[in-house]
Amino acid sequence: MMMRLIIILGFLSLPLLSVSQGEMLLLKKNNKVFRTYYAGSSIILDEGRGLQQAQIRRLRNDSVFLVQYQVRQVMTIMGVPGLDTVGTYEFGISYSDILKIAEAPHGWTWQGTGASLFYGGGILTTAGLLTWVFAKKNTRYYARPGFVIASAGATGIGYLLMQVRAGKRFPIGKKYTLEFINTK
């Protein structure tokens, strides 16, 4: 009988021993919670220096403490390339300094396609123009005007595709607001 009482009291005291979430950062859209950020979650933010991707280390006193990991490809002992964290950068900012929060792009990105077109088209355009300068007209090495125009067009389209934004961005202001919540 006494053992049952101890077990029941033990189960009843479990909520007292559990740890609450603590502080949270809420991204609201038109006063409705749109995203929730807490310690351990990943965030892409802009505080005036461009977009930075980091992991939230902790939230305390209206400040967000972040850590960025520097991951590089290094050679292992067996001579096989692998990814390794070579450094970390920790910093803290006030949540009121955040100007934008972005969403990580998923799947296909037009920026990568644009970069391929831009650099590949640029190389082909340069090669075609150089043949116009150094090769005799109507020889085997002379580039046709259609080739140079098409490669210049690919360069232009690639540049435009590189300007397309990857992922959604949520500017803090009228439509989106940030709210710091302390649940403890």
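The values are calculated or read from the model by the stated rules, or taken from the named source; none is laboratory data. Just so it is clear, the structure is predicted and the values come from calculations on it, not from any experiment. Please note: Cβ atoms are built from the backbone with ideal geometry, for glycine as well, and neighbour counts cover all protein chains shown.
The table below lists the values:
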{"quantity": "Residue list for segment 157-168, restricted to those being surrounded by 15 or more Cβ atoms within 10 Å (Cβ to Cβ) and of a type outside the set (A, V, I, L, M)", "calculated": "GLY158, TYR159"}
{"quantity": "Test: GLY112 is modelled with pLDDT under 90 and assigned to a helix (DSSP H, G or I)", "calculated": "yes"}
{"quantity": "Residue count for segment 31-54, restricted to those that are surrounded by fewer than 12 Cβ atoms within 10 Å (Cβ to Cβ) and part of a loop (DSSP other than H, G, I, E, B)", "calculated": "5"}
{"quantity": "Matching entry among LEU83, LEU117, LEU161 (being closer than 30 Å to ARG35 by Cβ, among the hydrophobic types (A, V, I, L, M, F, W, C) and assigned to a helix (DSSP H, G or I))", "calculated": "LEU161"}
{"quantity": "Filter pass, THR125 being at pLDDT below 90, of a type outside the set (A, V, I, L, M) and more than 27 Å from ARG49 (Cα to Cα)", "calculated": "no"}
{"quantity": "Near pairs, Cβ below 7 angstrom, 6+ apart or cross-chain, from segment 149-167 (in the same structural domain as LEU130 (by TED's automatic domain parsing) and of a type in the set (Asp, Glu)) to any residue that is assigned to a loop (DSSP other than H, G, I, E, B) and surrounded by 12 or more Cβ atoms within 10 Å (Cβ to Cβ)", "calculated": "none"}
{"quantity": "Residue check for GLY79: on the phi > 0 side of the Ramachandran plot and in the same structural domain as THR36 (by TED's automatic domain parsing)", "calculated": "yes"}
{"quantity": "Test: residue in segment 97-107 that is closer than 22 Å to VAL67 by Cβ and in a helix (DSSP H, G or I)", "calculated": "yes"}
{"quantity": "Any hit, segment 137-145, residues being closer than 30 Å to LEU51 by Cβ and without any contact (Cβ under 8 Å) to a residue 40 or more places away in the chain", "calculated": "no"}
{"quantity": "Positions within segment 55-67 being in a strand (DSSP E or B) and out of contact with any Ser or Thr (no Cβ under 7 Å at 6 or more places or on another chain), in sequence order", "calculated": "ARG57, ARG58, LEU59, ARG60, VAL64, PHE65, LEU66"}
{"quantity": "Pairs with Cβ under 6 Å, 6+ apart, first in segment 34-53 and farther than 16 Å from VAL67 by Cβ and among the hydroxyl-bearing types (Ser, Thr, Tyr), second surrounded by 13 or more Cβ atoms within 10 Å (Cβ to Cβ) and at pLDDT below 85", "calculated": "THR36/MET24"}
